[in-house]
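This report concerns only the one structure given below.
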Amino acid sequence: MTPNTPKEIFIQGITRDGRIFRPSDWAERLAGVMSPYRPGGAHHPESHLSYSPWCIPTVINGVKAVIVNSSLREHEPMAWDFVVNFARDNELEMADACAVPEKRRA
């Protein structure tokens with residue numbers, strides 16, 4: 001991954017024409033489907049009880065969203081394609097994001 005490659009993408013629950021995406025629990029459903037894709041794989045204890053750290057549902061400015069880490073693409077390209085194609089097929093807004101470097105302590 002190059003330094004300019006986004007570390008994460010945000011998939012927002014707003015369609016290109018400005019409508020709120022339904023159903024209202026879409027972000028949790030999408031993240032739930034992605035829960036087996038994680039560091040250590042699906043055999044990780046309790047992987048079925050938590051979201052993958054690579055695909056996290058959240059709310060940004062009052063809008064449901066999913067934050068997808070680029071590590072998913074590196075470890076499971078087909079899972080990455082599924083998430084991105086879900087967003088494209090449903091005309092959801094996507095935004096690239098990258099990690100902000102932490103402030104160095106003196």
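The values are calculated or read from the model by the stated rules, or taken from the named source; none is laboratory data. The model shown is predicted, which means the values in this text are computed figures rather than measured ones. Don't worry about glycine lacking a Cβ; one is built from the backbone with ideal geometry, like all the others, and counts go over all protein chains shown. Surface areas here come from the heavy atoms of the whole protein model, side chains and all, with no ligands, DNA or RNA. Shrake-Rupley method; radii C 1.70, N 1.55, O 1.52, S 1.80 Å.
In the stretch 60-81, what count of residues is obtained for those that are surrounded by 16 or more Cβ atoms within 10 Å (Cβ to Cβ) and not β-branched (V, I, T)?
So the answer is 10.
All but one of (1) open to solvent by 70 Å² or more (accessible area, probe 1.4 Å); (2) in contact with a Phe, Trp or Tyr (Cβ under 6 Å, 6 or more places away or on another chain) hold for A31; state the number of the condition that does not hold.
(1)
Residue by residue, here is whether (1) within 15 Å of V83 (Cα to Cα); (2) part of a strand (DSSP E or B); (3) modelled with pLDDT of 95 or more; (4) touching a helix residue (DSSP H, G or I) at 6+ places or on another chain (Cβ under 8 Å) holds:
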position: P6; (1), (2), (3), (4): no, no, no, no
position: L30; (1), (2), (3), (4): yes, no, yes, yes
position: R38; (1), (2), (3), (4): yes, no, no, yes
position: H48; (1), (2), (3), (4): no, no, no, no
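When the stretch 5-15 is examined, which residues are found to be surrounded by 19 or more Cβ atoms within 10 Å (Cβ to Cβ) and either in contact with a Phe, Trp or Tyr (Cβ under 7 Å, 6 or more places away or on another chain) or without any contact (Cβ under 8 Å) to a residue 40 or more places away in the chain (or both)?
Within the stretch 5-15, G13 is the sole residue that qualifies.
Give all pairs with beta carbons closer than 9 Å in which a residue from the stretch 16-33 that is closer than 15 Å to I67 by Cβ meets a residue that is hydroxyl-bearing (S, T, Y) and surrounded by 12 or more Cβ atoms within 10 Å (Cβ to Cβ); count only pairs at least 6 apart in sequence or on separate chains.
Filtered contacts from the stretch 16-33: A27/T58; E28/Y51; A31/Y51; A31/S52; G32/Y51.
Condition test on I56, is it in contact (Cβ under 8 Å) with a residue 12 or more places away in the chain, surrounded by fewer than 19 Cβ atoms within 10 Å (Cβ to Cβ) and either under 12 Å from A31 (Cβ atoms) or not aliphatic (A, V, I, L, M) (or both)? It would help to see each step written out before you state the result.
Details: in contact (Cβ under 8 Å) with a residue 12 or more places away in the chain: yes; surrounded by fewer than 19 Cβ atoms within 10 Å (Cβ to Cβ): yes; either under 12 Å from A31 (Cβ atoms) or not aliphatic (A, V, I, L, M) (or both): yes.
So I56 passes the test.
Testing R22 on (1) at pLDDT 90 or above; (2) open to solvent by less than 60 Å² (accessible area, probe 1.4 Å); (3) of a type in the set (D, E, K, R), one condition comes back false. Which one is that?
It is condition (2) that R22 fails.
A95 fails exactly one of the following numbered conditions: (1) out of contact with any Phe, Trp or Tyr (no Cβ under 7 Å at 6 or more places or on another chain); (2) modelled with pLDDT under 95. What is the number of that condition?
(1)
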